[in-house]
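Colleague: A single structure is presented below for examination.
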Protein chains: 2
Amino acid sequence: MLSRQELEANNERFWTSFTDSQLASTPARKLLVLTCMDARMDPLRMLGLRAGDAHIVRNAGGRVSDDAIRSLVISQQLLGTRHVVVMHHTKCGLLNVTNDELRQRLRPILGHGVGGMDFLPLGADVMESVRKDVNSLRQHPLLAPDTVVQGFVYDVATGRIAAVD
Amino acid sequence: MLSRQELEANNERFWTSFTDSQLASTPARKLLVLTCMDARMDPLRMLGLRAGDAHIVRNAGGRVSDDAIRSLVISQQLLGTRHVVVMHHTKCGLLNVTNDELRQRLRPILGHGVGGMDFLPLGADVMESVRKDVNSLRQHPLLAPDTVVQGFVYDVATGRIAAVD
């Protein structure tokens, strides 16, 4: 495990060459990226973005959860973003698994707390899960009407993104 | 706005020098970082991490929302993480604002859909909001018992992290 001292030492190498003190809180590209928490993904780098450019919202799967909508509303209404990129990825742990399978697997470990949990699994087709989330965002009553929503799949084996129409 | 063509061109510069095709889905440092979507933050870089090291969960504020718990359960039970870093930051849009103020401000724009929304505001003290979220995680029934939870505040003006005890 990374100790507090290691994290602080790592951070010291960062802040001693820090040059981003003047960045605005409003994202320069008016962009919000919604993507998976997956360790293999570095959303800024894969999209050629830098600090200051975009809000990055990440959860298991990169799903349009209620909490992602909360973040989106704050991003759009308080900080002016109007472009959303939804990005799921290949080899995601939420592909090809159902809520029932996850609950059965986790109940012996976590107890009944997982009984009613919706894990927001992706289904069998990652293009289709992106399409579904893009459509659910586009139809969402809390989305600013002048928003552009685009969908992509990230391939963790190649680093390439593929647009989803 | 970044067009699909621009995003793909940016990504081409990334994937043509991609060397991470062999990364495992299980985070190498067994770490999950929960932090804010804020555009000024680059969690990997500020903590000296690289792709493959950690799950990164981000939402407005970096709060322990229901959806963050969903992500945490998947991270811990399916992918073996046992260390959580909760990081809020200075100058956050969710500091010094209340749910009532946010609802009043957004109702004329978004209608009654925001009436019951909990925006998970941070209160007036970012150290205190980290402390609260760290404690709420440590006491959460779905957290794996052998998990280490640490709290930090990131200063967007200096790039420095400060541990919260």
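Colleague: At the nearest 100 Å², what buried accessible area, both sides summed, do you get for B and A when the probe is 1.4 Å?
Modeller: The B and A chains share an interface burying roughly 6900 Å².
Colleague: If you don't mind, another one. How much of B:THR81 can a 1.4 Å solvent probe reach, expressed as accessible area in Å² and rounded to 10?
Modeller: Only protein atoms counted, so the area is about 0 Å².
Colleague: If you don't mind, there's one more thing I want to ask. Run lengths n ≥ 4 of DSSP H only: what is the helix-derived mean residue ellipticity at 222 nm for chain B, with -39500 (n - 2.57) per run over all residues, to the nearest 500?
Modeller: -10000 deg cm²/dmol
Colleague: Sticking with this structure for a sec: What does the charge dipole of segment B:25-164 about its Cα centre add up to, to the nearest 20 debye, if the Cβ of each Lys and Arg holds +1 and the Cβ of each Asp and Glu holds -1?
Modeller: Values: 17 positive and 13 negative charges, 57 e Å.
I would put it at about 280 debye.
Colleague: Only protein chains counted, 1.4 angstrom probe. Which residues of segment B:93-117 are at least 50 Å² less accessible in the assembly than when their chain is isolated?
Modeller: B:LEU110, B:MET117
Colleague: At A:ASN99, with labels set 7 Å past Cα in the Cβ direction, how many nm apart are the copies from this one, shortest first?
Modeller: Spelled out, the distances from A:ASN99's label point are 2.4 nm.
Colleague: In addition: Please state the shape class of segment B:37-122: rounded when a/c is under 1.5, otherwise prolate if a/b exceeds b/c and oblate if not, all from the C-alpha gyration tensor.
Modeller: The shape class here is prolate.
Colleague: Select from A:THR16, A:THR98, A:THR35 the residue whose mean-square fluctuation is largest in a Gaussian network model of chain A (Cα-Cα springs shorter than 10 Å).
Modeller: Among A:THR16, A:THR98, A:THR35, the largest GNM mean-square fluctuation belongs to A:THR16.
Colleague: If you don't mind, there's one more thing I want to ask. Write down the accessible area per residue of segment A:25-164 in Å², having rolled a 1.4 Å probe over the full set of protein chains.
Modeller: Details: 5130 Å² over 140 residues.
Averaged over the residues of segment A:25-164, the accessible area is 37 Å².
Colleague: Given 25 °C and 0.890 mPa s, compute D for the protein assembly as shown with the Stokes-Einstein relation, Rh being the Kirkwood radius over Cα pairs; round to the nearest whole µm²/s.
Modeller: Calculated translational D: 124 µm²/s.
Colleague: Using a loss threshold of 40 Å², tell me which positions in segment A:11-36 are less accessible in the complex than in their chain alone. Probe radius 1.4 Å, ligands and nucleic acids ignored.
Modeller: A:ASN11, A:PHE14, A:TRP15, A:PHE18, A:SER25, A:ARG29
Colleague: Let me ask you something else. Which percent of the accessible heavy-atom area of the protein assembly as shown goes to carbon and sulfur, probe 1.4 angstrom?
Modeller: 48
Colleague: Continuing with this model, one more query. How do B:ASP42, A:ASP146 rank by accessible surface area computed with a 1.4 Å probe, from largest to smallest?
Modeller: A:ASP146, B:ASP42
Colleague: Can you tell me how chain A classifies by the Cα gyration tensor, rounded, prolate or oblate, using a/c under 1.5 as the rounded cut?
Modeller: oblate
Colleague: To continue, here is another question. So how exposed is B:SER75, as accessible area in Å² (1.4 Å probe, rounded to 10)?
Modeller: 0
Colleague: If you count only protein heavy atoms and use a 1.4 Å probe, how large is the accessible surface of A:LEU122, to the nearest 10 Å²?
Modeller: 10
Colleague: Could you please report the charge total around A:ARG70, scoring K, R as +1 and D, E as -1 over all other residues with beta-carbon less than 11 angstrom from its beta-carbon?
Modeller: Working: positive: B:ARG63; negative: A:ASP66, A:ASP67, B:ASP66, B:ASP67, B:ASP118.
For residues surrounding A:ARG70, the net value is -4.
Colleague: Which of B:ALA60, B:ALA39, B:ALA28 ends up with the largest GNM mean-square fluctuation for chain B, with Cα atoms connected below 10 Å?
Modeller: Highest fluctuation of the listed residues: B:ALA39.
Colleague: How far is A:ALA9 from itself in the other copies, in nm, if each label sits 7 Å out from Cα along the Cα-Cβ line, shortest first?
Modeller: 4.3
Colleague: I've got another one for you. Normalising by the residue count of chain B, find the relative contact order in percent from Cα pairs under 8 Å and 6+ residues apart.
Modeller: Relative contact order for chain B comes out at 22 percent.
The values are calculated or read from the model by the stated rules, or taken from the named source; none is laboratory data. Worth saying up front: this structure is predicted, and the values here are computed from it rather than measured. When we count neighbours, we look across all protein chains shown, and the Cβ atoms used for this are built from the backbone with ideal geometry, even at glycine. Remember, those area values only see protein heavy atoms, side chains included, never the ligands or the DNA or RNA. Shrake-Rupley method; radii C 1.70, N 1.55, O 1.52, S 1.80 Å.
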